[in-house]
1. So what does the Cα-only Debye profile of segment 120-238 read at q = 0.15, 0.21, 0.23 Å⁻¹, as log10 I(q)/I(0), no solvent term?
2. Which stretch or stretches of segment 248-267 have amide N atoms under 14 Å from the point lying 7 Å from K217's Cα along the Cα→Cβ direction?
3. I need the GluC sites (Glu not before Pro) found in segment 200-274, filtered to DSSP loop residues with at most 16 other beta carbons within 10 Å of theirs.
4. Hey, got the dipole for segment 75-171? About the Cα centre, +1 on K and R Cβ, -1 on D and E Cβ, debye to the nearest 20?
5. Calculate, in nm to one decimal, what W90 and L25 gain on full extension: separation in residues at 0.36 nm each, minus their alpha carbon distance.
6. What trypsin sites (Lys or Arg not before Pro) in segment 110-140 are in a loop by DSSP, with at most 13 other Cβ atoms within 10 Å of the Cβ?
7. Using the beta-carbon distance between T241 and Y38 and R0 = 41 Å, what value does 1/(1 + (r/R0)^6) give for FRET efficiency, to the nearest 0.05?
8. When all alpha-carbon pairs of segment 31-180 are counted, what percent fall beyond 28 Å?
Amino acid sequence: MHIGKLIILSIFITIFLAGCDSRYLILNPQGAVAQKEYHLIIFSIFLCAIVVIPVLGLLVYIVLRYRDKPGNKAPYRPDWDDSKRLEFIWWGIPIIIIGILGFATAKTTYDLVDPPKKDVKPLTIEVTSLDWKWLFQYPDQNIATVNYVEIPKDVPVQFVLTSDAPMNSFWVPQLGGQLYTMPGMAMGLWLQADRKGEYFGSGANFTGEGFAHMNFKVKSTSTKEFNQWVKQVKETAPALTKADYNSLAKQGLSLEKSYSTIPKGLFQEIVIKNGGQYYSQHHHMKNEDMKTMNVASDEQTHTQHEHQEGGK
């Protein structure tokens, strides 16, 4: 085969097969949410290819067909400057593509607001990004972990995200897209693992010196194994105290840790102390948590009022 054809074939193989590897986590979805986002990515690539491939083909054709060389019989029309037909094509096709892409993106985005499965009781995990570690609280199981999280497969998990440090972004590429963790807000993100396995998670927003080490793992197990793990943590791990949390909140790295109990209302306190009472429209917490938060907010406001009165 001619050397030029080999080079062109190599370029096409490199471009079009570069993502066909399980190491590219986004292109190897392992859950219902990630699968929907994967389909949207492939659909977007297909729509973009409708424009990109013809444009690249025309570029090569025009360069070869109309280049100035001896004996070239291509028509030369220096006075030509307008074609209504071509204007309609190169404006109309992109507008149609953008409309279709916008509709598909909006539909997928709103689909992800609801849990992937509605006939299965979901699991709630409250996530706090710290400098430079992740704290995961299981309010229903009353346990907590640092830098790792365990979930049962085929069960929708609502991660409720906040930050007690600079803004960050929570991301498990094989289970779904990322979502920001922001001080004073409790943002909801539905994810689900469809099979057992261990998945990579990380902070996707630069937050300083220890950012590169701010990773965590997500272990998906059967429901039976998950319940056994919860029981083991409650029997063997120490309790998380307010003093422990204050130590975790300081800048620094941390190993994986487990806690058998968590202080009541800790997550709501974290949200409120960072101004959460002013962002109530952004919260995605359970109703009982919202009530707890509102009560705490009222108490905080009352306390502040008493201090102000005492200072007069």
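Please treat every number below as a calculation from the coordinates, not as lab data. Everything quoted here is computed from the prediction, not taken from an experiment. Here the Cβ is made from the backbone with ideal geometry for all residues, glycine too, and neighbour counts use every protein chain on show.
1. -0.62, -1.21, -1.41
2. In segment 248-267, the label zone of K217 (backbone N under 14 Å from the point 7 Å along Cα→Cβ) covers 255-257.
3. Details: sites: E209, E225, E235, E256, E269; in loops: E209, E256.
Filter output for segment 200-274: E209, E256.
4. Working: 9 positive and 13 negative charges, 57 e Å.
For segment 75-171, the charge dipole is close to 280 debye.
5. Values: separation 65, 0.36 × 65 = 23.40 nm, distance 3.50 nm.
Between W90 and L25, full extension yields an extra 19.9 nm.
6. Values: sites: K117, K118, K133; in loops: K117, K118.
Sites meeting the loop and neighbour criteria: K118.
7. That pair, T241 with Y38, gives E of 0.45.
8. Numbers: 5514 of 11175 pairs.
Across segment 31-180, Cα pairs with separations above 28 Å total 49 percent.
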